[in-house]
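Asker: After the structure tokens below, expect a handful of questions from me.
The values are calculated or read from the model by the stated rules, or taken from the named source; none is laboratory data. As the structure is a prediction and not an experimental result, all values here were calculated from the model. Neighbour counts run over all protein chains shown; Cβ positions are idealised from the backbone, glycine included.
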Amino acid sequence: MAPCSRLLGIVAAALGLCASSEAAYKQKSPAFTYTSAATGLQLGGPSLAPEIRVAPDDLPGVIRAANDLAADFGRVLGVNGTVVVADWSATIAQKLPSRPIIIVGTVGKSSLIDGLVSSKKLDTAAIAKKWETFSYQVTATPWDGRDAVFVIAGSDLRGTVFGIYDVTEQIGVSPWHYWADVPPTKREYIWARNSSHTEGPPSIKFRGIFLNDEAPALTGWGKANFKQSQYGSAFVTEFYKHIFDLVLRLKGNYVWPAMWSSMFYLDDPKNGPAATEYGIFMGTSHHEPMARADKEQGRFLKGSWDWKSNKAGVQSFMDEGATRSKNWSTVYTLGMRGSGDAASATLSSSALEEIISWQQSSLTKALGKPLSEIPQAWVMYKEVPGYWSNGMKVSDDVTLLWSDDNRGNIRRIPTDAELRRAGGSGMYYHFDYVGDPRNYKWINTIQLQKTWEQMTLAHDSGNKNIWIANVGDLKALELPTAHFMALAWDRDSFSDPDSTRDWLKAWSGRQFGEAAAEAAASIMTTYGKLTARMKYEDLSRSPFAFSTANYDEADLNYKEWVDLLAKAQAVYDSLSADVQDSFFEIVLHPVLAGKTVFEIYSKVAISAVYAKEHRVSANQFTKDAAAAFTADQAITKRFHTLKNGKWNHFMDQTHLGYNNWQEPSSNSVPKGTSVSGSATNALMGVSIQAGSSAFPGSAKLTLSAVTPFDPPNIDRWIDVYIRDTGSFSYSITSNATFVSVTNARQTVSTSSGSTDIRSVVTVDWKAAPAGSSVVTLTITNLNQTGTTATVIVPVENLSVPSDFKGHVETDRTVSIEAEHFSKPASASEYVVVPDFGRTLSGVRLPPKFASQSPGKGPVLVYPFYTFTNSVDASVTVYLAPSENATPNSPNRYTISVDGGGLTTVQPVPATSGSSQPAGWADAVIRNAYVKASKVGKLAPGKHELKVYLLESTMVITKVVVDLGGVKSSLLGPPESGRAV
């Protein structure tokens with residue numbers, strides 16, 4: 001890693017002074033070249049595709065995937081490969097064609113692979129007897145009469161299949177060829193290099209996705225495209241083949257099927273066998289034990305779903321699930337919850353012990369295998385950890401599948417004792433959710449850096465046996481799904497916090513082409529930051545979360561959306577037509593749709609402010625919001641018409657007008673505010689940045705003091721606007737030459753559309769007198785004698801000692817992004833996670849770092865300088881909404897100013913049982929815990945804030961020293977200027 005790596009967290013990197021760093025994401029070396037003349041083995045050329053040989057004794061899933069390999073060569077070359085099923089003896093005896101040959105097979109299952117091994121032409125020692133491991137290479141003189149063949153060998157069914165799909169992705173076929181319409185990369189030639197490549201075993205044993213909350217979008221789409229079962233479900237085998245194909249191409253092996261109104265094993269009798277043939281382990285969700293769907297309970301269970309009152313009926317029902325699935329690849333969900341995904345009123349820890357013990361007995365009897373050979377998971381969801389914490393005794397063969405809080409925050413990491421269990425631990429994680437505080441199931445609102453931070457915490461804490469992500473409808477969650485699965489396959493490739501940036505660029509290049517890779521990665525990184533501030537469904541809360549008064553927060557946040565859309569549209573316009581659809585689906589659509597939703601809520605909120613000031617422009621903002629609502633409907637229609645209607649019904653999900661946790665029945669635009677009637681006092685209106693009053697209600701307005709250390713993106717401004725139909729001209733004059741304004745003389749008119757004109761105040765600091773001064777700006781209505789407003793501009797031309805390096809007070813506030821600390825300079829102490837959270841980044845201890853004592857261990861040091869005379873100050877710490885994930889060791893931090901007393905804060909309250917902590921709903925909506933602590937009087941001058949994080953399960957994003965000037969806002973004050 002280069003010396004200026006952001007992992008070190010030094011200020012130079014934060015300032016962008018480092019030229020570059022080595023790639024943090026470990027990418028594989030290219031195995032193929034694509035020129036007409038190259039070294040190695042030619043696999044394709046004009047009218048030339050390979051013959052793919054697979055042994056008849058190999059697994060059916062391998063033969064199936066070999067046909068995909070042949071078709072994928074066709075997608076790239078324009079001519080399909082040919083699959084030949086033949087054993088070793090027939091292969092070496094035949095006079096084979098001169099065209100290229102690819103041998104595909106599984107060690108110990110394929111006579112072709114075993115023949116190469118026995119003849120000492122192929123060494124499989126590196127993959128044999130391993131879980132889901134593969135290799136591929138050019139093998140010279142495999143038999144007499146053949147110079148070379150390309151060999152793909154796997155340790156087991158999925159190992160071979162993964163090897164096949166790894167090759168197809170490298171030559172240019174995306175795993176998202178169907179689900180995101182990523183076009184193949186066209187090649188004229190394909191050559192395999194004279195090198196070998198090996199991957200596996202995976203970091204996580206069972207890795208996959210959960211199709212959930214699938215109505216109306218996925219359900220409506222499915223019914224429009226697949227023949228419905230006798231039970232009315234469209235989730236039949238032809239549908240699941242597309243799911244299985246995607247999961248395997250992402251090197252996954254595990255699926256929880258759609259379950260709101262479907263029954264995987266009954267909707268299509270071929271579903272179970274097809275999953276096993278493909279190599280997919282099927283599971284069932286957290287409240288569907290023993291491979292039986294929730295909807296089966298209502299149809300086939302005799303009696304109530306209650307162990308206490310209907311034990312015999314429940315046992316018979318569960319027994320049938322084990323017997324039905326005994327020949328299929330299954331990870332069995334154990335335990336029990338109440339009916340309909342709710343807690344049970346009658347279950348106890350002792351009853352759950354009995355249930356799980358009985359379930360295991362049923363499984364061993366039905367499957368005829370020992371427990372150690374039967375994959376089993378008990379999902380620690382919602383109330384369930386409360387049962388476990390009461391001291392239950394459960395067989396060590398069960399995987400404890402821990403869960404997040406439904407909003408992407410891990411609730412629990414395993415203890416050392418739990419890690420010693422044979423079944424290990426896993427993680428059930430959400431990219432979609434239905435429930436309190438609000439659903440989020442429309443489009444992607446996942447920040448990849450948050451996924452990296454939480455899932456590397458999960459892995460490094462020992463959650464390695466199962467990872468399953470709730471991906472909702474799947475469509476619109478392509479990007480977080482791809483990222484999650486890449487992490488699960490090879491966590492070591494993501495060892496550095498910068499790895500997500502690098503992975504995203506590499507992934508974007510494979511989907512959209514190298515020319516668009518960097519821009520696409522940048523767009524989606526910014527998108528993740530903007531959606532991390534607040535999910536779309538939460539925006540309808542009142543008052544509007546983003547301040548319309550302070551720090552220009554609502555305006556600047558919306559401007560970021562506007563700028564991001566312009567960037568995304570420019571990339572889209574630069575792409576070839578065949579790539580535009582996939583780029584639209586994954587990048588442009590979420591940015592366009594997201595910007596439109598934020599426009600609706602932002603402009604409604606601003607219109608209310610403007611209406612109070614009697615600005616005529618309030619009416620236009622209300623109209624803009626209504627127009628954005630119409631645009632939202634048009635964007636959905638555009639999505640539905642893609643690819644001749646291929647994705648019709650996706651995006652049917654309502655997302656505007658939430659007023660409780662459940663989705664509204666229809667989208668609705670929030671009510672805007674309009675100005676009606678004549679202005680009573682004056683045609684001219686004047687407002688100022690962060691002002692609490694306006695002219696003509698107040699003749700004199702006072703701006704916040706201007707200093708050389710003000711945040712660079714926050715201007716001091718004056719708005720001159722019209723309050724009724726008509727026009728007027730105005731002038732702004734300054735009584736000091738060192739203070740000037742833009743737009744000092746303009747005409748405001750309703751007929752021209754120039755109803756509001758903003759003038760930015762600037763100070764010539766070289767000319768300004770040292771210390772404090774006051775400048776008067778006079779705004780005169782040139783068409784109405786005597787109509788004059790006065791704006792007072794306090795100017796603080798202050799300086800700090802030359803030896804001070806750090807943040808400087810502005811407007812009685814010192815705001816510091818967490819990564820801008822002065823110590824330490826070692827990644828072994830603190831890790832900077834770039835692009836994490838709502839503003840810049842996050843800082844955390846390394847995973848599995850031992851719990852710290854207050855005032856001990858690694859410390860973050862923040863120098864700051866103040867000018868305000870001695871005041872009672874407070875320090876506010878902004879943290880990610882992480883849970884108290886370490887048992888008996890809650891998240892805490894300690895602060896100290898100028899070596900004074902230590903203040904230790906527990907931001908996440910303790911809970912009783914398995915309930916959510918107090919304040920959780922507000923924290924996850926705002927995506928932050930914000931905690932303020934009094935630190936006593938601070939005199940003007942140099943100061944030093946020390947922050948100690950005491951747990952590795954927490955992330956700090958910002959610290960603010962409040963000297964009496966902090967104003968209400970969602971994101972907190974923007975970062976103060978620094979002396980460097």
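Asker: Is it fair to say GLY108 is more than 17 Å from HIS197 (Cβ to Cβ), surrounded by fewer than 17 Cβ atoms within 10 Å (Cβ to Cβ), modelled with pLDDT under 95 and in contact with a helix residue (DSSP H, G or I) (Cβ under 9 Å, 6 or more places away or on another chain)?
Answerer: Values: more than 17 Å from HIS197 (Cβ to Cβ): yes; surrounded by fewer than 17 Cβ atoms within 10 Å (Cβ to Cβ): yes; modelled with pLDDT under 95: no; in contact with a helix residue (DSSP H, G or I) (Cβ under 9 Å, 6 or more places away or on another chain): yes.
When the stated conditions are applied, GLY108 does not pass them.
Asker: Applying the selection to the stretch 887-902, what residues are among the polar types (S, T, N, Q) and surrounded by fewer than 18 Cβ atoms within 10 Å (Cβ to Cβ)?
Answerer: Step one: list which residues in the stretch 887-902 are among the polar types (S, T, N, Q), which gives 888-889, 891, 894, 896.
Correct list: ASN888, SER889.
Asker: If you don't mind, there's one more thing I want to ask. Got a number for residues in the stretch 941-961 being over 21 Å from PRO712 (Cβ atoms) and either over 27 Å from the mean Cα position of the chain (by Cα) or not assigned by TED's automatic domain parsing to the domain that holds PRO863 (or both)? Let's see the steps before the verdict.
Answerer: We begin by selecting, within the stretch 941-961, every residue over 21 Å from PRO712 (Cβ atoms); these are 941-956.
From what's left, either over 27 Å from the mean Cα position of the chain (by Cα) or not assigned by TED's automatic domain parsing to the domain that holds PRO863 (or both): 941-948.
Matching residues across the stretch 941-961 total 8.
Asker: Limited to the stretch 386-411, what total is found for residues that are at pLDDT 95 or above and basic (Lys, Arg)?
Answerer: 2
Asker: Check every one of the helices (runs of 4 or more DSSP H) wholly within the stretch 189-287 and list those with 1 or more residues that are closer than 30 Å to PHE32 by Cβ.
Answerer: Details: elements: 217-225, 237-249, 264-267, 271-278.
Of the helices (runs of 4 or more DSSP H) lying wholly inside the stretch 189-287, those with at least 1 residues that are closer than 30 Å to PHE32 by Cβ span 237-249, 271-278.
Asker: Restricting the stretch 749-775 to residues that are over 27 Å from HIS614 (Cβ atoms) and among the charged types (D, E, K, R), which is surrounded by the most Cβ atoms within 10 Å (Cβ to Cβ)?
Answerer: To start, the set of residues in the stretch 749-775 that are over 27 Å from HIS614 (Cβ atoms) comprises 762-775.
Checking which are among the charged types (D, E, K, R) leaves us with 764, 766.
Values: ASP764: 11, LYS766: 7.
Of everything passing the filter in the stretch 749-775, ASP764 is surrounded by the most Cβ atoms within 10 Å (Cβ to Cβ).
Asker: Please determine, by comparing only the residues of the stretch 899-932 that are of a type in the set (Val, Ile, Thr) and over 23 Å from the mean Cα position of the chain (by Cα), which one is farthest from ASN390 (Cα to Cα). Talk me through it step by step, then tell me what you get.
Answerer: Filtering the stretch 899-932 for residues of a type in the set (Val, Ile, Thr) gives 903-905, 908, 911, 924-925, 930.
Now restrict to residues that are over 23 Å from the mean Cα position of the chain (by Cα): 903-905, 911.
Values: THR903: 33, THR904: 29, VAL905: 28, THR911: 14 Å.
Step by step, filter the stretch 899-932, then rank; the result is THR903.
Asker: Restricted to the stretch 74-96, and to residues that are touching a helix residue (DSSP H, G or I) at 6+ places or on another chain (Cβ under 7 Å) and of a type outside the set (Ser, Thr, Tyr), which residue is surrounded by the most Cβ atoms within 10 Å (Cβ to Cβ)?
Answerer: It comes out as GLY81.
Asker: Do you know which of the residues in the stretch 147-172 that are assigned to a loop (DSSP other than H, G, I, E, B) and in contact with a Lys or Arg (Cβ under 7 Å, 6 or more places away or on another chain) is surrounded by the most Cβ atoms within 10 Å (Cβ to Cβ)? Walk me through it before giving the result.
Answerer: Step one: list which residues in the stretch 147-172 are assigned to a loop (DSSP other than H, G, I, E, B), which gives 155-156, 172.
Then keep just the ones that are in contact with a Lys or Arg (Cβ under 7 Å, 6 or more places away or on another chain); that gives 155, 172.
Working: SER155: 25, GLY172: 22.
The selected residue is SER155.
Asker: Let me ask something else. Which one is surrounded by the fewest Cβ atoms within 10 Å (Cβ to Cβ), of the residues in the stretch 244-254 that are in contact (Cβ under 8 Å) with a residue 40 or more places away in the chain and more than 21 Å from the chain's Cα centre (by Cα)?
Answerer: The selected residue is ASP245.
Asker: Okay, moving on. Answer yes if at least one residue in the stretch 839-846 is assigned to a loop (DSSP other than H, G, I, E, B), out of contact with any helix residue (DSSP H, G or I) (no Cβ under 6 Å at 6 or more places or on another chain), at pLDDT 95 or above and under 21 Å from SER495 (Cβ atoms), and no otherwise.
Answerer: Looking only at the stretch 839-846, we keep the residues that are assigned to a loop (DSSP other than H, G, I, E, B), and these are 839-840, 845-846.
Restricting the remaining residues to those that are out of contact with any helix residue (DSSP H, G or I) (no Cβ under 6 Å at 6 or more places or on another chain) gives 839-840, 845-846.
The next check asks that each one be at pLDDT 95 or above; those that pass are 839-840, 845.
Checking which are under 21 Å from SER495 (Cβ atoms) leaves us with 845.
The answer is yes; a qualifying residue exists.
Asker: Restricting to the stretch 127-146, give me the number of residues that are part of a loop (DSSP other than H, G, I, E, B) and in contact (Cβ under 8 Å) with a residue 40 or more places away in the chain. Lay out the reasoning, then the answer.
Answerer: Taking the stretch 127-146 as the starting set, the residues that turn out to be part of a loop (DSSP other than H, G, I, E, B) are 127-133, 144-145.
From the residues that got through so far, the ones that are in contact (Cβ under 8 Å) with a residue 40 or more places away in the chain too are 127, 130-133, 144-145.
Going through the stretch 127-146 one residue at a time, the tally reaches 7.
Asker: To continue, here is another question. For THR680, indicate whether it is assigned to a strand (DSSP E or B) and either in contact with a helix residue (DSSP H, G or I) (Cβ under 6 Å, 6 or more places away or on another chain) or surrounded by fewer than 18 Cβ atoms within 10 Å (Cβ to Cβ) (or both). I'd like the intermediate steps shown before the answer.
Answerer: Numbers: assigned to a strand (DSSP E or B): no; either in contact with a helix residue (DSSP H, G or I) (Cβ under 6 Å, 6 or more places away or on another chain) or surrounded by fewer than 18 Cβ atoms within 10 Å (Cβ to Cβ) (or both): yes.
The answer is no for THR680.
Asker: Looking only at the stretch 28-57, which residues are surrounded by 19 or more Cβ atoms within 10 Å (Cβ to Cβ), touching a residue at least 60 places away in the same chain (Cβ under 8 Å) and part of a loop (DSSP other than H, G, I, E, B)?
Answerer: The answer is ALA31, PRO50.
Asker: I'm told PRO175 meets every condition in (1) surrounded by fewer than 23 Cβ atoms within 10 Å (Cβ to Cβ); (2) under 20 Å from LYS28 (Cβ atoms) except one. Can you identify the failing condition by its number?
Answerer: Among (1) surrounded by fewer than 23 Cβ atoms within 10 Å (Cβ to Cβ); (2) under 20 Å from LYS28 (Cβ atoms), the lone unmet condition for PRO175 is (1).
Asker: Another question, if that's okay. Which residue, of ALA736, ALA744, is touching a strand residue (DSSP E or B) at 6+ places or on another chain (Cβ under 9 Å), outside the structural domain of SER617 (by TED's automatic domain parsing) and exposed (fewer than 15 other Cβ atoms within 10 Å of the Cβ)?
Answerer: ALA744
Asker: Mind checking which pairs have a first residue in the stretch 371-389 that is within 19 Å of PRO917 (Cβ to Cβ) and a second that is among the basic types (Lys, Arg), Cβ under 9 Å, 6 or more apart or different chains?
Answerer: Close Cβ pairs (under 9 Å, with a partner that is among the basic types (Lys, Arg)) amount to MET380/ARG411; MET380/ARG412; TYR381/ARG337; LYS382/ARG337; GLU383/ARG337; VAL384/ARG337; PRO385/ARG411; PRO385/ARG412.
Asker: When you scan the stretch 701-750 for strands (runs of 3 or more DSSP E) that lie fully inside it, which ones turn up with 3 or more residues that are farther than 22 Å from ALA690 by Cβ and polar (S, T, N, Q)?
Answerer: Values: elements: 716-722, 727-734, 739-741, 745-749.
Once the strands (runs of 3 or more DSSP E) in the stretch 701-750 are filtered for at least 3 residues that are farther than 22 Å from ALA690 by Cβ and polar (S, T, N, Q), what remains is 727-734, 745-749.
Asker: Taking the conditions exactly as written (free of Cβ contacts under 8 Å to residues at least 40 places away in the same chain, among the hydrophobic types (A, V, I, L, M, F, W, C) and within 28 Å of PRO202 (Cβ to Cβ)), does ALA322 satisfy them or not? Give the steps one after another, and end with the answer.
Answerer: On the way: free of Cβ contacts under 8 Å to residues at least 40 places away in the same chain: no; among the hydrophobic types (A, V, I, L, M, F, W, C): yes; within 28 Å of PRO202 (Cβ to Cβ): yes.
Against the criterion (free of Cβ contacts under 8 Å to residues at least 40 places away in the same chain, among the hydrophobic types (A, V, I, L, M, F, W, C) and within 28 Å of PRO202 (Cβ to Cβ)), ALA322 does not qualify.
Let's see how each residue does on (1) touching a residue at least 40 places away in the same chain (Cβ under 8 Å); (2) in a loop (DSSP other than H, G, I, E, B); (3) surrounded by fewer than 23 Cβ atoms within 10 Å (Cβ to Cβ); (4) among the basic types (Lys, Arg):
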| position | (1), (2), (3), (4) |
| --- | --- |
| SER815 | yes, no, no, no |
| GLU819 | yes, yes, no, no |
| VAL832 | yes, no, no, no |
| VAL861 | yes, no, yes, no |
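Asker: Taking interchain pairs and intrachain pairs at least six residues apart, which have beta carbon atoms under 7 angstrom, with the first residue in the stretch 355-370 and within 13 Å of THR333 (Cα to Cα) and the second basic (Lys, Arg)?
Answerer: Close Cβ pairs satisfying both conditions: none exist.
Asker: Take the stretch 302-337 and flag every residue that is small (Gly, Ala, Ser) and either modelled with pLDDT under 95 or surrounded by 16 or more Cβ atoms within 10 Å (Cβ to Cβ) (or both). It would help to see each step written out before you state the result.
Answerer: Just the residues of the stretch 302-337 that are small (Gly, Ala, Ser), to begin with: 303-304, 309, 312-313, 316, 321-322, 325, 329, 335.
Of everything in the stretch 302-337, those that are small (Gly, Ala, Ser) and either modelled with pLDDT under 95 or surrounded by 16 or more Cβ atoms within 10 Å (Cβ to Cβ) (or both) turn out to be GLY313, GLY321, ALA322, SER325, SER329, GLY335.
Asker: Being surrounded by fewer than 16 Cβ atoms within 10 Å (Cβ to Cβ), in the same structural domain as LYS700 (by TED's automatic domain parsing) and among the hydrophobic types (A, V, I, L, M, F, W, C), is that true of even one residue in the stretch 776-799?
Answerer: The answer is yes; a qualifying residue exists.
Asker: Something else: Can you go through TYR254, TYR278, TYR231, TYR265 and tell me which one is out of contact with any Phe, Trp or Tyr (no Cβ under 9 Å at 6 or more places or on another chain) and not polar (S, T, N, Q)? Full working, then the answer.
Answerer: Numbers: TYR254 fails: out of contact with any Phe, Trp or Tyr (no Cβ under 9 Å at 6 or more places or on another chain); TYR278 fails: out of contact with any Phe, Trp or Tyr (no Cβ under 9 Å at 6 or more places or on another chain); TYR265 fails: out of contact with any Phe, Trp or Tyr (no Cβ under 9 Å at 6 or more places or on another chain).
It is TYR231.
Asker: When you scan the stretch 617-633, how many residues do you find that are in contact (Cβ under 8 Å) with a residue 12 or more places away in the chain and among the β-branched types (Val, Ile, Thr)?
Answerer: Here the count works out to 1.
Asker: Taking the condition over 21 Å from SER968 (Cα atoms) and at pLDDT 95 or above, does SER731 pass?
Answerer: Values: over 21 Å from SER968 (Cα atoms): yes; at pLDDT 95 or above: yes.
Answer is yes for this residue.
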